[in-house]
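Enquirer: Structure provided below as structure tokens; questions to follow.
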Amino acid sequence: MDYSRPYLQERIKLRSRGDMIRHLVLREIRDLVIPLPSLPEQRRVVAELDALKAQVEALKKLQVETAAELDALLPSILDKAFKGEL
């Protein structure tokens, strides 16, 4: 199945009715075949999304740690600024 072209849009356009306002009747909607990737392809996509999710979680953790470090540094920076040491 070639997923690069709008397969479902083409099918809907072919099955829709009406001159002024195109519409689908429920029977036509029920008869639409929605293509799905093969099971190995679905698993590959899930694995890729899981890897991305792990990266996002790691970045969130790093962001929290960095924010905590910056919060800890702020008092000493302000102290040096008030003493004219910056």
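Enquirer: Most fluctuating residue of Glu57, Glu48, Glu28 in a GNM of the chain with Cα springs under 10 Å: which is it?
Expert: Sorting by GNM fluctuation, first place goes to Glu28.
Enquirer: Rounded to the nearest 0.05, what FRET efficiency is calculated for Gln42 and Glu69 with R0 set to 30 Å and r the Cβ-Cβ distance?
Expert: 0.15
Enquirer: Could you list log10 I(q)/I(0) for the chain at q = 0.12, 0.16, 0.22 Å⁻¹, which the Debye formula gives when each Cα is one point scatterer?
Expert: -0.67, -0.85, -1.04
Laboratory data are not the source of any read-out in this text; all were calculated from the coordinates shown. Note that the structure is a prediction, hence the values are computed from the model and not measured. Every residue, glycine as well, gets a Cβ built from its backbone with ideal geometry; the counts of neighbours run over all protein chains shown.
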